[in-house]
Amino acid sequence: MRLSKTFVKTLREAPKDETARNGQLLVRAGYIHKEMAGVYDYLPLGLRVIENIKSIIREELNNIGCEELLLTALQTPEPWEKTGRFSDREIDVWFKTELSSGGVLGLAPTHEEPITNLMKTYISSYKDLPLYVYQFQTKFRNELRAKSGILRGREFLMKDLYSFHSSEEDLDRFYAEVEKAYMNVFERLELGDSTLETFASGGMFSKYSHEFQTILPVGEDTIYYNKDKKVAVNKEVLNDETLADLGVKRDELTEATAAEVGNIFKLKLKYSEPLDLKYVDKDNSTKVAYMGCYGIGVSRLMGVVAEKFADEKGLVWPESVAPFKYYLVGIGEAGAKEAEIFYQKHQEETLFDDRDIRPGEKFADAELMGIPYRVVISDKTLASGEAEITDRRTGETKLIKVLDD
């Protein structure tokens, strides 16, 4: 990408109504555009970050045998009415619309009902199980207070995985595989040290579910954790019974503010029973399929990474999700020519600032955008056949050979 050819521009000031640091920096650096509270457009740089996050998640899920699909956002009421969840009293974040021909449709806040209903066509025998399917899908939730930049929105990108099993034991087996896959995702995003698998309420399904909480000052949750014992618990379920279950004492736990980036749930028969998802077992008996669901907030993860690593100068992307590896600047006539050669050789991983502006402005934008390495090729450095490369995270600068590149 050449900055002289893209419509994206950096801004000196963030929108006045954007108070979250991730939102301010992502807007100013040209990654997103704010349409309204809780609703954002993803510009070319932001979309590249999103796609990089998706790629990491996709690789880890495919490694444990999951298949990707894409479900519709528009929802017909029937399957939701069978579980009682089309009612605004049960789910108070629905966006609904009346059709001109009559009837009502909703925009999916989640997809348990439609995926269960769909699988009635494809699951009929024990031979069809287990089955694991996931999607990257835009969700719509009419949040009362959309805030915190892209950490909480009314329209957001989510990865939701659903598993179908012939037994609770098989559900438990796959659940453990997803736990490992999720931690692999967070490790690759460089969030592993600060992301904890956290005991949370299991609701109607089980005693506990698990959230993945990243310690973050602007998070909306309070957790208590002990890293040595590898235990973390959400404040909502912190009581004497939970402490006894986990084998820890209250004074052994540290309090922290955190942002939820994922969750996993053993649904068991919650949706398959009312939606009549059954199969014929080996003994010719008819049984109800067990289910699990597993979510990761993709756009929220982008916001968490932005918040977690940003400094006073701007964004600081880990190399695994950065839109480009290099931010390239050429200074002087010879420097500009050699920068063009570097760009042609490394085009896929280089953001080339070829604009006709002062070097200082380019350096400021490089820091704001948070590209991992700034490469400066100038007439001065070319005297020794070299270029300067600066690590955005550490600020360390060293010389590299470019004439022999």
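Pairs under 7 Å by beta carbon, first residue in contact (Cβ under 8 Å) with a residue 60 or more places away in the chain in the stretch 152-166, partner among the charged types (D, E, K, R) and assigned to a strand (DSSP E or B), six or more apart or different chains?
F156/K139; M158/K139
Could you tell me how many of the residues in the stretch 143-165 are under 19 Å from H111 (Cβ atoms) and either at pLDDT below 90 or outside any strand (DSSP E or B) (or both)?
Qualifying residue count for the region: 3.
Looking at Y271, Y225, Y182, which one is aromatic (F, W, Y), in the same structural domain as H111 (by TED's automatic domain parsing) and assigned to a strand (DSSP E or B)? Even if it seems obvious, please write down each step before you answer.
On the way: Y271 fails: assigned to a strand (DSSP E or B); Y182 fails: assigned to a strand (DSSP E or B).
The unique qualifying residue is Y225.
Where the second residue is in a helix (DSSP H, G or I) and modelled with pLDDT of 95 or more and the first is within 14 Å of L157 (Cα to Cα) and lies in the stretch 53-66, which pairs have Cβ atoms under 6 Å and are six or more apart or on separate chains?
I53/V298; I53/L301; I57/V185
When you scan the stretch 118-127, do you find a residue that is surrounded by fewer than 14 Cβ atoms within 10 Å (Cβ to Cβ), over 30 Å from V316 (Cβ atoms), outside the structural domain of F352 (by TED's automatic domain parsing) and of a type in the set (A, V, I, L, M, F, W, C), even just one?
No, the conditions are met nowhere in the stretch 118-127.
Do you know which residues across the stretch 195-229 are surrounded by fewer than 16 Cβ atoms within 10 Å (Cβ to Cβ) and more than 24 Å from M291 (Cβ to Cβ)?
P217, E220, T222, K227, D228, K229
Table: residues versus (1) assigned by TED's automatic domain parsing to the domain that holds Q213; (2) touching a residue at least 24 places away in the same chain (Cβ under 8 Å); (3) not in a strand (DSSP E or B).
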residue: K266; (1), (2), (3): yes, yes, no
residue: D276; (1), (2), (3): yes, yes, yes
residue: Y279; (1), (2), (3): yes, yes, no
residue: D283; (1), (2), (3): yes, no, yes
residue: Y294; (1), (2), (3): yes, yes, no
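Only residues that are surrounded by 24 or more Cβ atoms within 10 Å (Cβ to Cβ) and more than 18 Å from the chain's Cα centre (by Cα): list them for the stretch 28-63, please.
A29
With the structure loaded, tell me whether D245 is part of a helix (DSSP H, G or I) and either of a type in the set (A, V, I, L, M) or in the same structural domain as R188 (by TED's automatic domain parsing) (or both) or whether it fails that test.
Details: part of a helix (DSSP H, G or I): yes; either of a type in the set (A, V, I, L, M) or in the same structural domain as R188 (by TED's automatic domain parsing) (or both): yes.
Spelling it out, D245 is indeed part of a helix (DSSP H, G or I) and either of a type in the set (A, V, I, L, M) or in the same structural domain as R188 (by TED's automatic domain parsing) (or both).
Residues that are within 18 Å of E273 (Cα to Cα) and touching a Phe, Trp or Tyr at 6+ places or on another chain (Cβ under 6 Å): does the stretch 63-77 have at least one?
There is at least one residue in the stretch 63-77 that is within 18 Å of E273 (Cα to Cα) and touching a Phe, Trp or Tyr at 6+ places or on another chain (Cβ under 6 Å).
Residue check, S272 against (1) in contact (Cβ under 8 Å) with a residue 24 or more places away in the chain; (2) of a type in the set (S, T, N, Q); (3) over 19 Å from W80 (Cα atoms), all met but one. Which one?
For S272, the failing item is (3).
Consider E333 against the criteria (1) within 12 Å of M1 (Cα to Cα); (2) charged (D, E, K, R); (3) modelled with pLDDT under 95: it satisfies all of them except one. Which criterion is unmet?
Every condition holds for E333 apart from (1).
If I filter the stretch 384-405 down to residues being touching a helix residue (DSSP H, G or I) at 6+ places or on another chain (Cβ under 9 Å) and part of a loop (DSSP other than H, G, I, E, B), which single residue comes out as surrounded by the most Cβ atoms within 10 Å (Cβ to Cβ)?
Of everything passing the filter in the stretch 384-405, R392 is surrounded by the most Cβ atoms within 10 Å (Cβ to Cβ).
Any residue at all in the stretch 289-299 that's among the hydrophobic types (A, V, I, L, M, F, W, C), under 30 Å from R12 (Cα atoms) and out of contact with any strand residue (DSSP E or B) (no Cβ under 6 Å at 6 or more places or on another chain)?
Looking for residues that are among the hydrophobic types (A, V, I, L, M, F, W, C), under 30 Å from R12 (Cα atoms) and out of contact with any strand residue (DSSP E or B) (no Cβ under 6 Å at 6 or more places or on another chain), one finds none in the stretch 289-299, hence no.
The values are calculated or read from the model by the stated rules, or taken from the named source; none is laboratory data. This structure is a prediction, so every number in the text was calculated from the model and none was measured. Positions of Cβ are backbone-derived with ideal geometry, glycine not excepted, and every protein chain shown enters the neighbour counts.
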